[in-house]
Amino acid sequence: MGEFELIRALFHPLAEATRQHGVVLGPGDDCAIQRVPQGHELVFSIDTLVAGVHFPSGYDPAQLGWRSLAVAVSDLAAMGADPVCYTLALTLPEADSDWVTALVSGLREASFAFGIALAGGDITRGPLTLTLQVQGTVPEGQAIRRSGARPGDLVAVSGPLGGAAAALAWLDATDPPASVEGFLARYHHPMPRCALGRHLRGVASAAIDISDGLVADLGHILEASSVGAELEPGRVPRDFGGTWASLDQALYGGDDYELCVTLAPAALDRLPGHVASSLDVIGRVCAGSGLRLVQADGIIEEIAVPAGYDHFKGR
Ligand SMILES: [Mg+2]
């Protein structure tokens, strides 16, 4: 058995342990087979994470395992889909079995947390890169798209923003202060909002997960829906356990993986209490285009969108 064959074998227990009803056939054949229940649609998305671009070179492999799967599953959550399975294409500079064992442990923890099974994959040699395709299902016609926001809808987010951006300054610190633990947890351990996404099917008019920053990602909804929005910056949540991210980090920082949703005021009232209370209303959709910040003193500031991260142009 070659060294990469040995590395491949490290993933087999993970695939066995996470196998579930929706996966008819897991790894080992030319393809995996997924069952799509009658009356449901397949929802899928692919994400590539490159060392030095999407995570620091030398990043802890167990944390990388959690984070890479969480980030991918977050796109399913944004559509209101139920996670089923994923495939992983892993490019490694060398066959380091300790490193891969740690990666698998992070993937395993995340797989169980999100209820998603490893259904197959591929390993090659080259610069460290992970590509994950995640697949889920949603009742026919109920996936939440970006294009449904209407004037009068509320804009809401599912949790505090800016923590992952605030964590960047502390990633290399050997002994970071306890006050920034909330920031670091957000960066290392993002939580895709799958349960919320399910509740929002048939309720939210549009949704997106916040990967590139609130302004950029809400901008995608506004563009797809041909509408504008007004945000009240004082209502944007940014408290991470008593330590606050800055407003700039909350508006422009990426990697938080909360959901940004639009919904009619009456739809918010229809949600179960604990779900409605998990949403912070931060603004309102209006006719026209563009995004405006409405300050407490009534001064309105127009912001250019999209202003998030563009991997080819930089910020
Ligand atoms: Mg997304």
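Scanning residues 5 or more positions from T137 or on other chains, those with amide H under 5 Å from its amide H are V43, D82, V84, with H placed 1.01 Å from N in the peptide plane. Taking only the Cα atoms of region 3-139, the ratio Rg/Rh comes out at 0.96, with Rh defined as the Kirkwood radius. At an R0 of 35 angstrom, the distance between the Cβ atoms of S289 and A89 translates into a FRET efficiency of 0.35. When the helices of the chain are scored as -39500 (n - 2.57) per DSSP H run of n ≥ 4 and the total is divided over every residue, the value at 222 nm lands at -9000 deg cm²/dmol.
Evaluating 6.51 cos²θ - 1.76 cosθ + 1.60 at θ = phi - 60° for every residue in region 42-47, the Karplus couplings come out as 7, 10, 9, 7, 10, 9 Hz, glycine and proline recorded as x. Full extension of the segment from V36 to T243, taken as 0.36 nm per residue of separation minus the current Cα-Cα distance, would add 70.1 nm.
When you restrict to C-alpha pairs under 8 Å that are six or more residues apart and normalise by the size of region 154-303, the relative contact order lands at 41 percent. For S179 and Q142, the difference between the fully extended length at 0.36 nm per residue and the C-alpha to C-alpha distance is 9.2 nm.
When the alpha carbon coordinates of the chain are projected onto the principal axes, the ranges are 69, 51, 36 Å, largest first. In loop segments of region 16-102 as defined by DSSP, the GluC sites (Glu not before Pro) with at most 16 further C-beta atoms inside 10 Å of their C-beta are E94.
Here the Karplus curve 6.51 cos²θ - 1.76 cosθ + 1.60, taken at θ = phi - 60°, turns the phi angles of region 64-71 into couplings of 4, x, 4, 5, 5, 6, 4, 4 Hz, with x standing for Gly and Pro. Of the listed residues W99, W66, W170, W244, the order by accessible area with a 1.4 Å probe, largest first, is W244, W170, W99, W66. When both bridge partners sit in the chain, DSSP labels roughly 75% of those beta bridges antiparallel. In this rough spin-label picture, where each label sits 7 Å from Cα along the Cβ direction, the H274-R150 distance is 3.1 nm. Within region 3-139, DSSP assigns beta bridges of which about 70% are antiparallel (rounded to the nearest 5). Size of region 86-215 from its Cα atoms: along the principal axes, largest to smallest, the extents are 53, 40, 25 Å.
Per-residue packing, averaged as other Cβ atoms within 10 Å, sorts the ranges 146-152, 296-302 into the order 146-152, 296-302, beginning with the highest. Taken along the Cα-to-beta-carbon direction at a fixed 7 Å, the label points for A296 and E230 span 1.8 nm.
For R238, R125, R8, the ranking by accessible surface with the largest value first comes to R125, R8, R238, using a 1.4 Å probe. So what is the relative contact order of the chain, in percent, for Cα pairs below 8 Å that sit 6 or more residues apart? Worked out over the chain, it gives 21 percent. Using θ = phi - 60° in the Karplus curve 6.51 cos²θ - 1.76 cosθ + 1.60, the 3J(HN,Hα) couplings for region 154-166 round to 7, 9, 9, 10, 8, x, x, 10, x, x, 5, 5, 5 Hz; x is entered for Gly and Pro.
The values are calculated or read from the model by the stated rules, or taken from the named source; none is laboratory data. Keep in mind that what you see is a predicted model, and the values were worked out from it rather than measured. Heads up, the Cβs are rebuilt from the backbone with ideal geometry, glycines too, and the neighbour counts pull from every protein chain shown. Just the protein is used for accessible areas: all its heavy atoms, side chains included, with ligands, DNA and RNA removed. Shrake-Rupley method; radii C 1.70, N 1.55, O 1.52, S 1.80 Å.
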